[in-house]
């Protein structure tokens with residue numbers, strides 16, 4: 001029996017080809033982080049593990065917040081590719097790259113005040129803070145490389161050259177693991193070694209990306225593109241999109257950072273347990289983000305080509321795929337907690353109580369996965385305003401009230417419910433906003449099908 005794919009789903013092969021490569025590339029980021037945790041988690045002194053978990057909050061702000069450069073570059077590039085505009089493709093990379101380089105250098109110049117302000121806000125004992133500061137000062141020197149890698153990732157994704165992103169991720173993360181082994185296990189540099197290994201690996205990944213950019217760029221349009229680099233109207237459009245997506249990332253990382261900081265106030269064991277659980281949640285999210293990035297690319301491409309009738313099918317396929325992935329990661333951790341978390345640390349005081357909180361991974365992973373795909377849909381359409389409104393409403397209406405209760409009762413289960421409340425609110429807001437992004441014809445067709 002031959003299975004016939006409906007005409008409006010004829011993108012399935014292309015979707016899963018792009019998504020599979022993006023998923024592999026995205027998985028390597030948290031996997032390398034898990035390796036960092038595993039190396040540090042098996043040291044005799046647990047303060048190095050706790051210190052790095054605490055310091056990672058700062059890098060969540062500095063790096064994960066700035067991932068808006070990848071998403072916005074992807075959306076702008078994908079629409080330029082859909083219009084077959086080589087000059088616009090070049091400008092998408094150049095404008096974003098210039099912003100990334102400037103911001104990266106500013107971060108290095110401001111590293112001392114950033115460290116002082118960050119660890120003043122964060123909670124942790126003096127020995128944990130010392131380990132975290134060592135990690136911070138070692139890793140901070142990679143700022144320009146990290147931000148330029150974000151731009152290159154988005155640029156290659158928008159051009160559907162996902163394999164380059166995979167190659168960059170492989171080089172960066174494999175080198176990180178190797179450097180971790182020598183700097184942590186062999187040379188005993190502990191948290192400073194983990195930070196330095198991560199920094200050096202980022203520059204290796206950047207080198208690979210720049211080499212492939214040289215060989216794939218349409219050089220014949222570069223001179224004319226450079227002349228339009230500072231065109232005000234285009235720059236304004238780029239900044240507005242990036243600013244709205246930036247707000248999304250700031251709120252998202254604020255949610256996780258507040259969560260981790262409140263975990264620290266509940267004690268070192270709670271901080272370590274929640275940190276390990278978040279590593280599994282982030283592994284699921286990074287994997288699903290590969291689906292979300294593919295959604296951005298294809299939605300942006302279909303919009304620029306006028307294929308609006310295929311946008312909802314892309315969204316449906318992406319949501320189903322994300323749910324399957326989320327169920328896989330969360331159920332494995334729930335069913336086999338001793339095996340999963342035993343790989344990350346051999347401290348029994350951490351592992352013996354972690355089982356009572358693993359159940360939270362199931363709803364949080366599923367809801368977050370759907371939310372990330374919906375965000376990819378709106379980013380692909382360059383509808384940053386809807387994205388901005390969703391996260392702001394969810395943060396102040398759904399997250400803060402539950403957070404206050406968790407802080408008042410000093411309860412870790414309530415603390416985990418803050419993440420679920422935020423993501424659920426975000427998902428609902430984005431879902432009800434979908435009809436306003438569709439042409440009238442497509443909206444009428446959907447109404448007829450559900451009638």
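The values are calculated or read from the model by the stated rules, or taken from the named source; none is laboratory data. Keep in mind it's a predicted model, so treat the numbers as computed, not measured. Ideal geometry is used to build each Cβ from the backbone, glycine not excepted, and the neighbour counts take in all protein chains shown.
A few remarks follow.
- Checking each residue in segment 63-104 for being surrounded by fewer than 23 Cβ atoms within 10 Å (Cβ to Cβ) and in contact (Cβ under 8 Å) with a residue 60 or more places away in the chain picks out 63, 64, 65, 67, 81, 82, 83, 86, 87, 94, 98, 99.
- Scanning segment 305-336 for residues being closer than 16 Å to residue 78 by Cα and either within 17 Å of the chain's Cα centre (by Cα) or surrounded by fewer than 18 Cβ atoms within 10 Å (Cβ to Cβ) (or both) gives a total of 4.
- The helices (runs of 4 or more DSSP H) found wholly in segment 124-186 and carrying at least 1 residues that are free of Cβ contacts under 8 Å to residues at least 24 places away in the same chain occupy 126-139, 162-180.
- Checking residue 209 against (1) in a helix (DSSP H, G or I); (2) farther than 14 Å from residue 169 by Cα, the condition it does not meet: (2)
- Breaking point among (1) within 14 Å of residue 380 (Cβ to Cβ); (2) modelled with pLDDT under 90; (3) within 26 Å of the chain's Cα centre (by Cα), for residue 252: (1)
- Residue within segment 271-284 that is surrounded by 19 or more Cβ atoms within 10 Å (Cβ to Cβ), over 22 Å from residue 132 (Cα atoms) and at pLDDT 90 or above present: no
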